[in-house]
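*Asks:* Let me give you the structure first, and then I'll get to my questions.
The values are calculated or read from the model by the stated rules, or taken from the named source; none is laboratory data. Remember, it's a predicted structure, so these values are computed and weren't measured experimentally. Cβ sites come from the backbone with ideal geometry, for glycine too, and all protein chains shown count toward neighbours. The area values use the complete protein model at the heavy-atom level, side chains included, leaving out ligands, DNA and RNA. Shrake-Rupley method; radii C 1.70, N 1.55, O 1.52, S 1.80 Å.
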Amino acid sequence: MKALYEQVYSAIKKDIFSGKYKAGERVPSEKELSEHFKVSRITSKKALESLEKDGIVYRQKGKGTFVSENWENALLAKTKQKKPLIGLILTNFDDTYGSKIISSIENATSGTAFVILKRSFGLPEKEEQILKELLSIAVDGIIIYPAQAEHYSSEILKMVVDKFPFVLIDRSFKGVAASSVSTDNVEAAKKGVEYLFELGHKNIGIISPNEMGTTTLQDRFRGIVEAYAEKELIVNKNLWCTHIKSTLPEPKSTQEEDIKEIESYITNNSSLTALFAFEYNIARLAHQAVNNLGLHVPKDISIICFDEPALNIGSWNFTRLVQNEEEIGELAIKYLMDMINGDDTIKQKKLSVSLIVGDSTDSVAEKVDK
C-alpha cells in the first residue's frame with residue numbers, strides 16, 4: 001500500500017490535474033494538509049517537498065506553495081521517467097477466454113509499463129495472497145479478474161477504502177464502488193436465447209459450470225429469464241444443468257464424469273431441442289454426450305455457446321457468442337492508467353458480444369422436414 005505522504009501527494013496531484021488548483025494558485029499548507037488528511041506535519045511536508053521536487057509546485061518562503069506554470073510538462077516528464085508496475089490477476093486463461101485479454105494488455109502497455117501476471121485459479125485465499133504480494137512490492141495499480149463476486153477479498157476492500165488504483169474485469173461487486181470492464185452478460189444471454197427462439201426452439205437446456213456465485217453467471221441466467229419474459233414464455237428451470245465441474249479453474253470432476261452427467265440430463269429431458277452452453281469447453285462436452293447417445297448435432301439437438309478458440313482447425317464449428325476481449329484489456333489499462341495519474345473517477349463499462357453462426361444450430365421446422 002502507498003505510504004501516507006504518497007497518498008497526500010497523489011490527492012494534491014489529482015486536484016491539480018482536475019483543475020481545482022490552477023497554475024499560479026496556492027495549494028493547502030502543511031498545517032492544512034495535516035488537519036485535512038489527519039496526518040503528521042512531517043508527512044504533509046514530505047508530500048509538498050515531493051511535488052516540488054517533481055516540478056509540479058514551487059514554494060515561496062513566508063507565502064506558501066503554488067502550482068507551477070509548467071506543471072503539465074513536469075507531470076509528463078515524471079511519467080516518462082518511471083514506467084508504472086502493474087499487477088494482472090486472472091483466475092486462469094486459455095485459448096477460449098483470457099489469452100486475448102493478456103495480449104491486448106501487453107500491446108497497450110508496450111514501452112509504457114511493466115506487467116506482472118498471476119493466476120488465482122479461482123481460489124479466494126490464493127487471490128488474497130497474490131494481492132498482498134503485489135502490494136508489498138509497491139505496484140502502481142492492479143487489474144483483477146476476481147475469484148468470486150459475493151465474497152470479495154479483504155485486500156480488495158482495503159484498496160477501495162485507500163483509493164488504490166485497481167480495475168475489475170469480467171465481474172463486478174454489488175455495493176462496492178470500483179471501476180470495471182466486462183461483457184454485458186445479460187444482453188449476451190438474451191441474444192443467444194432470442195436466436196434459438198427465431199429457429200423455433202422453446203425447450204432450451206442451459207448447461208453451466210458449478211460456480212453460481214459469480215456475477216457473470218448470474219447475469220447470464222438473468223438474461224435468459226428476461227428473454228423468456230419478453231416472449232411471455234415460462235422458464236422451465238428443470239431444464240437447467242448447473243453441475244459441470246471439470247471446466248472450473250480447479251476441476252472437481254473429470255470430463256468423462258461430466259459427459260455422463262450431460263448424457264443423463266439429456267435422457268431425462270427428452271423434450272430438449274437445443275442446448276445453451278455457458279462455456280466453449282462445456283459445449284464440447286455436450287457435443288460428445290449427444291454423439292454418445294446416438295443423436296446428431298444439429299439435426300436432433302442444436303448447441304450454442306460462449307466463445308471459441310481463435311484457431312479451431314479441425315474442430316467443431318459452434319454457433320457462438322464472442323466476447324470482445326481485446327477491448328476489455330484496452331479499456332482496463334486505460335482506466336487504470338487514468339487512476340495512476342490521479343483521476344480516481346469510478347468508470348464502469350459493459351461491452352456487447354457478436355453472434356457468430358456456425359454448424360451447431362438448426363431450426364426446428366427444418367428438422368421436421370428432413
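*Asks:* Restricting to the range 89-118, name every residue that is of a type in the set (A, V, I, L, M), more than 15 Å from the chain's Cα centre (by Cα) and part of a helix (DSSP H, G or I). If you could, list the steps in order and put the result at the bottom.
*Replies:* Our first condition is that a residue be of a type in the set (A, V, I, L, M); within the range 89-118, this holds for 89-90, 101-102, 105, 108, 113, 115-117.
Checking which are more than 15 Å from the chain's Cα centre (by Cα) leaves us with 108, 113, 115-116.
A108, the sole residue that qualifies.
*Asks:* Out of all the residues in the range 227-241, which are open to solvent by less than 60 Å² (accessible area, probe 1.4 Å) and under 18 Å from V186 (Cβ atoms)?
*Replies:* Once the filter is applied, which keeps residues that are open to solvent by less than 60 Å² (accessible area, probe 1.4 Å) and under 18 Å from V186 (Cβ atoms), the range 227-241 yields A227, Y228, L233, V235, W240.
Here's the yes/no breakdown for (1) within 30 Å of E125 (Cβ to Cβ); (2) modelled with pLDDT of 95 or more:
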site: E194; (1), (2): no, yes
site: I207; (1), (2): yes, yes
site: L217; (1), (2): yes, no
site: K245; (1), (2): yes, no
site: E250; (1), (2): yes, no
site: L285; (1), (2): yes, yes
site: A289; (1), (2): no, yes
site: L295; (1), (2): no, yes
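*Asks:* Scan the range 1-22 for residues that are under 14 Å from L33 (Cβ atoms) and among the aromatic types (F, W, Y) and jot them down.
*Replies:* Answer for the range 1-22, where residues must be under 14 Å from L33 (Cβ atoms) and among the aromatic types (F, W, Y): Y5, Y9, Y21.
Residue-by-condition table, conditions (1) of a type in the set (D, E); (2) closer than 27 Å to S136 by Cβ; (3) open to solvent by 90 Å² or more (accessible area, probe 1.4 Å); (4) out of contact with any strand residue (DSSP E or B) (no Cβ under 6 Å at 6 or more places or on another chain):
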site: A11; (1), (2), (3), (4): no, yes, no, yes
site: K20; (1), (2), (3), (4): no, no, yes, yes
site: E30; (1), (2), (3), (4): yes, no, no, yes
site: K46; (1), (2), (3), (4): no, yes, yes, yes
site: V57; (1), (2), (3), (4): no, no, no, no
site: A74; (1), (2), (3), (4): no, no, no, yes
site: T91; (1), (2), (3), (4): no, yes, no, yes
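*Asks:* Let me ask you something else. Starting from residues that are in a loop (DSSP other than H, G, I, E, B) and among the hydroxyl-bearing types (S, T, Y), keep the ones in the range 242-261 and report whichever is most open to solvent (accessible area, probe 1.4 Å).
*Replies:* Quick first cut of the range 242-261, residues in a loop (DSSP other than H, G, I, E, B) only: 245-254.
After this cut, where a residue has to be among the hydroxyl-bearing types (S, T, Y) as well, the list is 246-247, 253-254.
Working: S246: 18, T247: 35, S253: 24, T254: 63 Å².
Per the stated criteria, the residue is T254.
*Asks:* Being surrounded by 18 or more Cβ atoms within 10 Å (Cβ to Cβ) and among the small types (G, A, S) is the filter; apply it to the range 324-357 and report the residue that is nearest to A11 (Cα to Cα).
*Replies:* Step by step, filter the range 324-357, then rank; the result is G342.
*Asks:* Which pairs do you get when a residue that is within 11 Å of Y9 (Cβ to Cβ), found in the range 35-59, comes within reach of a residue that is open to solvent by 60 Å² or more (accessible area, probe 1.4 Å) and not aromatic (F, W, Y), reach meaning Cβ atoms under 6 angstrom, with the pair 6+ apart or on two chains?
*Replies:* Final answer for the pair search is T43/L4; E52/R59; D54/K78.
*Asks:* Hey, another quick one. Only residues that are acidic (D, E) and either within 15 Å of the chain's Cα centre (by Cα) or under 22 Å from K334 (Cα atoms) (or both): list them for the range 119-130, please.
*Replies:* Passing the criteria: only E127.
*Asks:* Could you check, for the range 22-34, whether at least one of its residues is at pLDDT 90 or above, within 20 Å of D162 (Cβ to Cβ), part of a helix (DSSP H, G or I) and not basic (K, R)?
*Replies:* yes
*Asks:* Sticking with this structure for a sec: Taking the options R26, R41, name whichever one is surrounded by fewer than 20 Cβ atoms within 10 Å (Cβ to Cβ), within 17 Å of Q60 (Cα to Cα) and basic (K, R).
*Replies:* R26
*Asks:* Now a separate question. Name every residue in the range 119-171 that is surrounded by fewer than 18 Cβ atoms within 10 Å (Cβ to Cβ) and either in a helix (DSSP H, G or I) or without any contact (Cβ under 8 Å) to a residue 40 or more places away in the chain (or both), in order of residue number.
*Replies:* Result: P124, E125, E128, Q129, K132, E133, S136, S154, L157, K158, V160, V161.
*Asks:* Starting from the range 19-32, take each residue that is touching a residue at least 24 places away in the same chain (Cβ under 8 Å) and over 22 Å from T43 (Cα atoms) and list its partners that are among the acidic types (D, E) and surrounded by 11 or more Cβ atoms within 10 Å (Cβ to Cβ), counting only C-beta distances under 6 angstrom and pairs at least six apart or across chains.
*Replies:* A23/E69
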